[in-house]
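Encoded as structure tokens, the structure appears first; notes follow it.
Here, each number is a calculation from the coordinates, and none is a lab measurement. Keep in mind that this is a model prediction, so the values were computed, not measured. Quick reminder, even Gly has a Cβ in these numbers, built from the backbone with ideal geometry, and neighbours come from all protein chains shown.
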Amino acid sequence: MVDKGALAGLWSELLPRAGRRAAKLVVKILQGARPADIPIQDNRIRLSLAINLRTARAINLALPRSILERVDHFVE
């Protein structure tokens, strides 16, 4: 969406995989597995931040340096 004009966006390429993993766990539980017997998985998801600088300029928004330092992808 940022490339279409939105000011900012968050995304993760891991979210679809995390959803599939969660669905597999639900299936196991529905098939009778005890939740306590299912191994714990580390499902940390790293989010990426994108900022559209053209949109920021169009609305006369000065982004703080603390935000700009965290941006993973800029759209010009």
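A few remarks follow.
- Filtered residue count, region 22-45, keeping only those that are touching a residue at least 24 places away in the same chain (Cβ under 8 Å) and surrounded by 12 or more Cβ atoms within 10 Å (Cβ to Cβ): 0
- When the criteria are applied in full, I29 fails the requirement of being among the hydrophobic types (A, V, I, L, M, F, W, C) and out of contact with any Pro (no Cβ under 7 Å at 6 or more places or on another chain).
- Taking the numbered list (1) in contact (Cβ under 8 Å) with a residue 12 or more places away in the chain; (2) in contact with a strand residue (DSSP E or B) (Cβ under 8 Å, 6 or more places away or on another chain) in turn, M1 passes all entries but (1).
- Within region 5-16, the set of residues being surrounded by 11 or more Cβ atoms within 10 Å (Cβ to Cβ) and part of a loop (DSSP other than H, G, I, E, B) comprises G5, A6, L7, S12, L14.
- Every condition in (1) surrounded by 13 or more Cβ atoms within 10 Å (Cβ to Cβ); (2) of a type in the set (G, A, S); (3) under 16 Å from the mean Cα position of the chain (by Cα) is met by G19 except one, and the failing one is (1).
- Subset of region 34-76 (residues that are closer than 23 Å to K24 by Cα, among the acidic types (D, E) and assigned to a loop (DSSP other than H, G, I, E, B)): D42
- In region 50-76, the qualifying residues are those that are closer than 15 Å to D3 by Cα and polar (S, T, N, Q), and the one that is surrounded by the fewest Cβ atoms within 10 Å (Cβ to Cβ) is T55.
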